[in-house]
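Read the structure below first, then the notes.
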Amino acid sequence: MEAVLLVGIPPPPFSGRWRRAQPKLFGTGGQASVGTWIFTIARNKRIDHLRRERRPEIHPHDPALVADPQGGTDDVVIWEEQARRVRAAVGTLPEEQALVLRKNFFEDKLHDVIAQELHLPLGTVKSRSRLALAKLRRVLGDTG
Amino acid sequence: MRAASHPGPVHHPSEARLLDYASGALPEPMALLIATHLALCPACRRTVAGLEAVGSALLESLPPEPVADDSLARLLDRIDRLEPAEQSAPASLQAASILPQPLRDYVGPLDRVGWRHFGAVAEARLLTGFENVTTRLLRVAPGRALPHHTHVGSELALVLQGGFGDVNGHHLRGDVSEADSAVDHRPVADAEEDCLCLIVTDAPLRLTGWFGHAEPVHPHLIPAI
């Protein structure tokens with residue numbers, strides 16, 4: 001669970017040791033910022049530990065994988081820039097929207113469970129999630 | 001129907017479903033179907049990557065937990081000792097298959113699947129340990145229809161080979177059809193070849209045709225999309 005412990009330490013992604021570590025951690029096909037990579041590790045550990053489930057994921061070298069015509073980028077700088085913009089946008093979300101997203105991301109709760117917990121109609125929870133994503137999509141949309 | 005410049009499916013899972021996959025909230029059977037769609041859909045892979053970036057931003061907005069002063073140094077020491085990440089495909093991926101990963105891991109070789117036959121339809125169950133969730137491969141003979149049915153819960157269907165048409169439109173490889181209790185649909189397989197689908201249903205199905213009544217039927221008793 002080291003990845004979880006790291007949260008809160010601002011990772012210096014371009015310092016020597018991190019830069020050398022990255023090919024080992026990401027492989028050459030890595031398409032994410034360091035922060036996103038840490039998030040996915042923490043998520044998969046949680047699914048494994050708490051739910052005893054496997055995490056079905058694509059394999060980047062699967063011959064059946066349909067290639068992305070827009071290409072990917074291995075450029076960590078671009079992904080870090082996107083991550084910075086997403087962080088800024090998440091910080092501007094109204095608390096009621098951020099709360100729904102946090103419960104979904106960190107408590108593994110689907111919308112119907114969140115609605116019960118917050119004593120809200122399911123439609124309200126769905127629309128808060130939708131509004132939050134619509135705002136974030138505008139930020140993400142710039143890099144496709 | 002599909003421009004060469006835009007490979008990939010035209011019917012996608014809802015954004016809410018992709019969010020639940022990215023956050024980790026989606027149970028394994030539904031997550032398997034979404035991940036298999038992602039292998040065939042570059043557009044949804046980009047969406048999920050964006051949603052994971054949102055998860056990362058949320059994670060960083062949580063109050064920090066105190067850690068030992070040397071945590072980072074010890075972690076970097078461990079990383080230094082790691083072998084470089086696997087760069088090439090494992091042997092299991094060398095043979096071409098119509099089943100993308102991760103589905104191939106769950107099914108094994110397609111010619112060794114134990115099919116159960118119901119007339120024009122054959123089914124094989126996967127992930128049988130999940131209560132209230134039915135996961136199956138379904139193979140439907142060319143041009144054959146499936147019985148009318150509606151859903152108490154929700155149902156996701158992913159086309160792996162061939163195609164089918166229903167009230168939501170025409171579905172080919174990689175396309176996802178999402179149905180809930182409001183949809184009474186009757187999928188018909190395309191005439192040219194068998195239609196192979198992965199179907200995940202999270203509640204018993206309710207037949208509205210074939211047997212002429214609308215009693216809830218346990219999903220393993222009937223072949224249905």
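The values are calculated or read from the model by the stated rules, or taken from the named source; none is laboratory data. This one's a predicted model, so the numbers in the text were calculated from it and none came from an experiment. In this analysis, Cβ positions are derived from the backbone assuming ideal geometry, glycine residues included, and neighbour counts consider all displayed protein chains.
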Review point. Hey, any hits in the stretch B:26-34 for a residue that's within 9 Å of chain A (Cβ to nearest Cβ) and in contact with a Gly (Cβ under 6 Å, 6 or more places away or on another chain)?
Key: no
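Residue by residue, here is whether (1) modelled with pLDDT under 85; (2) surrounded by fewer than 18 Cβ atoms within 10 Å (Cβ to Cβ) holds:
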position: A:Q31; (1), (2): yes, no
position: A:I38; (1), (2): yes, no
position: A:E81; (1), (2): yes, yes
position: A:L93; (1), (2): no, no
position: A:L101; (1), (2): no, no
position: A:D108; (1), (2): yes, no
position: A:L122; (1), (2): no, yes
position: A:A132; (1), (2): no, no
position: A:R137; (1), (2): yes, yes
Point to revise | Candidate set from the stretch B:42-52 (those that are within 12 Å of B:Y21 (Cβ to Cβ) and not small (G, A, S)); member that is surrounded by the fewest Cβ atoms within 10 Å (Cβ to Cβ) | key: B:V48
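When you scan the stretch B:14-80 for helices (runs of 4 or more DSSP H) that lie fully inside it, which ones turn up with 1 or more residues that are touching a strand residue (DSSP E or B) at 6+ places or on another chain (Cβ under 6 Å)? Reasoning before the result, please.
Values: elements: B:15-23, B:28-40, B:42-61.
Result: B:28-40.
For the stretch B:124-148, enumerate the residues that are under 18 Å from the mean Cα position of the chain (by Cα), of a type outside the set (V, I, T) and modelled with pLDDT under 90. Can you show your working first?
Pass one, the stretch B:124-148, residues under 18 Å from the mean Cα position of the chain (by Cα): B:124-140.
Of the ones still in play, those that are also of a type outside the set (V, I, T) are B:124-127, B:129-132, B:136-139.
Listed by number, the residues that qualify are B:L127, B:G129, B:F130, B:E131, B:N132.
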Check your understanding: What are the residue pairs meeting all of these: first residue in the stretch A:77-93, first residue more than 9 Å from chain B (Cβ to nearest Cβ) and under 12 Å from A:K135 (Cα atoms), second residue modelled with pLDDT of 85 or more and assigned to a helix (DSSP H, G or I), Cβ atoms under 8 Å, and 6 or more apart or on different chains?
Key -> A:T92/A:K135; A:L93/A:L101; A:L93/A:A132; A:L93/A:K135
Review point. Residues of the stretch B:13-58 being within 11 Å of the chain's Cα centre (by Cα) and among the hydroxyl-bearing types (S, T, Y), which ones?
Key: B:Y21, B:T36
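Evaluate the stretch B:173-181: report whether one residue or more is modelled with pLDDT of 90 or more, outside any loop (DSSP other than H, G, I, E, B), closer than 27 Å to B:C44 by Cβ and of a type outside the set (F, W, Y). Even if it seems obvious, please write down each step before you answer.
First pass over the stretch B:173-181, keeping only residues modelled with pLDDT of 90 or more: B:173-177.
The next check asks that each one be outside any loop (DSSP other than H, G, I, E, B); those that pass are B:176-177.
Cutting the leftovers down to closer than 27 Å to B:C44 by Cβ gives us B:176-177.
Now drop any that are not of a type outside the set (F, W, Y), which leaves B:176-177.
Yes, that holds for at least one residue.
Is it fair to say B:E65 is touching a helix residue (DSSP H, G or I) at 6+ places or on another chain (Cβ under 9 Å), facing chain A (nearest Cβ under 7 Å) and surrounded by fewer than 22 Cβ atoms within 10 Å (Cβ to Cβ)? Break it down into steps so the answer makes sense when it comes.
Numbers: touching a helix residue (DSSP H, G or I) at 6+ places or on another chain (Cβ under 9 Å): yes; facing chain A (nearest Cβ under 7 Å): yes; surrounded by fewer than 22 Cβ atoms within 10 Å (Cβ to Cβ): yes.
Yes.
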